[in-house]
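Taking it in order: structure first as structure tokens, then the write-up.
The values are calculated or read from the model by the stated rules, or taken from the named source; none is laboratory data. The model shown is predicted, which means the values in this text are computed figures rather than measured ones. Please note: Cβ atoms are built from the backbone with ideal geometry, for glycine as well, and neighbour counts cover all protein chains shown.
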Amino acid sequence: MLNYYYKNIFPFLINKNIGNKEIIELRRKALSCAKGEILEIGIGTGLNLDLYPDSVERITAIDNYVRILPKSKVKVDFYNMSADNIAFKENTFETVVSTFCLCSITNLEKSLQEIKRVLKPNGILIFLEHGRADIKSVQLLQEISNPIFNIFAGGCNVNRNHFEILENNRFKVEGNIKRVNIFPKSITGYVYMGVAVNEK
Ligand SMILES: C[S@@+](CC[C@H](N)C(=O)[O-])C[C@H]1O[C@@H](n2cnc3c(N)ncnc32)[C@H](O)[C@@H]1O
């Protein structure tokens, strides 16, 4: 039953929800500073591919789930690989991109260490992630709903404070939290957007 849901319904829900007009514009804005060798983690259905700046012609992408990506202006070297065990040499990339992915990574600390390792010194992690609200009463709602949300949203967590997590993992964070229209807005509508600089 859950298998059927994940194969046939969940991808559709993702595309509709985190592919809505407002989010597409935020993606475009977030990706505008992508440069050099780029690694996108948890590429999913490839919603970012046509939103990279024109200067980007090719990216490397990973996902721990096998993906068939759409045709796009950007060429993709795709690897079925988990973010907690990235098979690239250290200091390979200028930019790592994560959109709506850090919320569902299980081994997050190890994954951030891996991202730091493959990023060049002063390289950037571009992030656009929903997470913990900046309002106390909503935080409580997020804590209560997280276990059930986790089951129906591919292991996604609604309660992660991405600024805190990134800073604790020695990234220098520049960003802000926006209120957006992602269903269910009451718990997933708080989006962390910005850049985390890899200070080695
Ligand atoms: C909610 S989807 C977002 C997809 C895409 N980044 C986007 O913005 O539309 C989360 C993606 O992260 C991937 N993912 C989760 N954990 C991962 C991991 N440890 N390593 C690589 N990808 C992972 C999932 O397979 C899924 O494709």
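Observations
- Lys116 vs. criteria in contact with an Asp or Glu (Cβ under 7 Å, 6 or more places away or on another chain), charged (D, E, K, R) and either within 15 Å of the ligand (Cβ to nearest atom) or in contact (Cβ under 8 Å) with a residue 12 or more places away in the chain (or both): no
- Taking residues in the range 160-171 that are under 15 Å from Asn146 (Cβ atoms), and partners anywhere that are modelled with pLDDT under 95 and in a loop (DSSP other than H, G, I, E, B), not one pair has Cβ atoms closer than 7 Å while being at least 6 places apart or on different chains.
- Residues that are exposed (fewer than 15 other Cβ atoms within 10 Å of the Cβ) and assigned to a helix (DSSP H, G or I), drawn from the range 14-39: Asn15, Lys16, Lys21, Glu22, Glu25, Arg28, Lys29
- Residue ID - nearest to the chain's Cα centre (by Cα), chosen from residues in the range 63-85 that are of a type in the set (A, V, I, L, M) and near the ligand (Cβ under 9 Å from one of its atoms): Ala83
- Filter result for Phe88 (within 16 Å of the ligand (Cβ to nearest atom) and either surrounded by 15 or more Cβ atoms within 10 Å (Cβ to Cβ) or closer than 20 Å to Phe10 by Cα (or both)): yes
- Complete set of residues in the range 91-113 that are in a helix (DSSP H, G or I), surrounded by 14 or more Cβ atoms within 10 Å (Cβ to Cβ) and touching a residue at least 60 places away in the same chain (Cβ under 8 Å): Ser111
- If you check Thr106, Thr60 for being more than 12 Å from the ligand (Cβ to nearest atom), of a type outside the set (A, V, I, L, M), at negative phi and within 15 Å of the chain's Cα centre (by Cα), only one passes: Thr60.
- Counting only residues that are more than 14 Å from the ligand (Cβ to nearest atom) and touching a Ser or Thr at 6+ places or on another chain (Cβ under 7 Å), the range 1-30 holds 0 of them.
Listed here are the residues, each with its yes/no results for (1) modelled with pLDDT of 95 or more; (2) of a type in the set (D, E, K, R).
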position	(1), (2)
Ile23	yes, no
Arg27	yes, yes
Ala34	yes, no
Pro70	no, no
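- In the set Tyr65, Tyr79, only one residue is modelled with pLDDT of 95 or more and aromatic (Phe, Trp, Tyr); that residue is Tyr79.
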